[in-house]
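Single-structure report; data block below.
Values in this text are rule-based calculations from the coordinates and carry no lab data. Please read these numbers as outputs of a predicted model, since none were measured by experiment. Note that we place each Cβ from the backbone using ideal geometry, even for glycine, and neighbour counts take in every protein chain shown.
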Amino acid sequence: MQITGSALRALYTGFNTHFQAAFDAAPASFGQVTMVVPSNTKQETYGWMGKSTQFREWVGERVLQNLETHDYSIKNKSFENTIVVSRDDIEDDSLGVYAPLFSQLGMDAKNHPDELVFTLCKNGFTQTCFDGQYFFDTDHPVKDATGAVTSVSNYGGGIGTPWYVFDTSRAIKPFILQKRSDYKFVSLTNETDANVFLRKEYLYGVDARLNVGYGLWQLAYASKQTLDETNFAAALSAMRSTKNDMGKPMSINPTLLVVPPTLEYTARKLLNAEIISNNSNVLQGATQLLVTPWVS
């Protein structure tokens, strides 16, 4: 192939087509537990995080609910993934070998938020959220109906393989994906570019500017206890019993159990079997199931 401007444009279009087709077709799981928030600056502050309100009978004037605010911020980060194409391969029409690479690039871009979000989930035992506590912790500070601070747990303890339960039914989610710039396919192919002039290399890649952070801990529960009927039921009960700063139930509805591959069989049995240990399985269909290697 003779390397001309039109040939390089056609090459870009072909590579981008492979990338975009794979990106569109690849499955992604992060959306189930993640609230996507657009960003217009280098970081965003979520001062409203943790606020809760309640309705009351309107007697007299309105009661202004001046609730505590938090200084929880997420700073955007830049990410990239780049493929090098040799000028010799272009001249020799040896481009077929690159098509799978650009398809893989598309899949990697689609799955990258999964890696970020579920790695954040896995690290929730040692990283803090908006209230200054670890995301999964035994002593989140919550005010009761009298205004006294009490400790609330969304962590079941234990020393085994962690598993997680989430309420994914709300507009606000357990995690935040903050997007400054979405995944974009770019190239560096001008003859005057240093990579082309010095090394005969044409660069094609994808970059994005974003980051992830913790949303409401009340919508999440983690345990390192054995995944069985007793501990799973305890997790569901703890979530449904969660109250807001006004002492009213938050009506948490656990909808999703997330496990690593090593717990997949146990989780499927727990959620799908009609009989367990010669007894009816009252937890059958209690939640949906998501298996992801990123929480391993």
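Worth a mention:
- Once you divide the Cα radius of gyration of the range 183-286 by 2.2 N^0.38 Å, the number left is 1.91.
- Charge dipole (debye, nearest 20) of the chain; +1 at Cβ of Lys and Arg, -1 at Cβ of Asp and Glu: 740 debye
- Within the range 224-296, the GluC sites (Glu not before Pro) that combine a DSSP coil assignment with at most 10 other C-beta atoms in a 10 angstrom radius are Glu274.
- Rounded to 10°, Cα long-axis angle of helix 229-240 versus longest principal axis of the chain: 80 degrees
- Cα-Cα over 30 Å, subset of Lys173/Lys269; Lys143/Lys269; Lys42/Lys143; Lys110/Lys248; Lys42/Lys248: Lys143/Lys269; Lys42/Lys143; Lys110/Lys248; Lys42/Lys248
- The C-alpha atoms of the chain define a longest principal axis, and helix 5-25 lies at about 30 degrees to it.
- Using the Cβ-Cβ distance between Val282 and Asn253 with R0 set to 22 Å, the FRET efficiency from 1/(1 + (r/R0)^6) comes to roughly 0.80.
- Among Leu236, Leu188, Pro141 the positive-end extreme of the charge dipole of the chain (Cβ point charges): Pro141
- Straight-distance candidates among the aspartates and glutamates for linking to Lys75, with alpha-carbon spacing under 20 Å and chain neighbours fewer than 8 residues away dropped: Glu44, Asp114, Glu115, Asp131, Asp182, Asp207.
- Charging the Cβ of each Asp and Glu at -1 and of each Lys and Arg at +1, and nothing else, the dipole of the range 155-296 about its Cα centre rounds to 320 debye.
- When the Cα positions of Ile176, Ser29, Gly205 are compared along the charge dipole of the chain, Ile176 comes out farthest toward the positive end, with charges on each C-beta of Lys, Arg, Asp and Glu.
- Each 5 Å bin from zero holds the following percent of Cα-Cα pairs in the chain: 1, 5, 10, 13, 13, 12, 10, 9, 7, 6, 5, 4, 3, 1, 1, 0, 0.
- Angle between the chain longest axis and helix 99-122 axis [Cα atoms, degrees, rounded to 10]: 20 degrees
- Other residues lying with their Cβ under 14 Å from the Cβ of Phe166 contribute a combined charge of +3, Lys and Arg counting +1, Asp and Glu -1.
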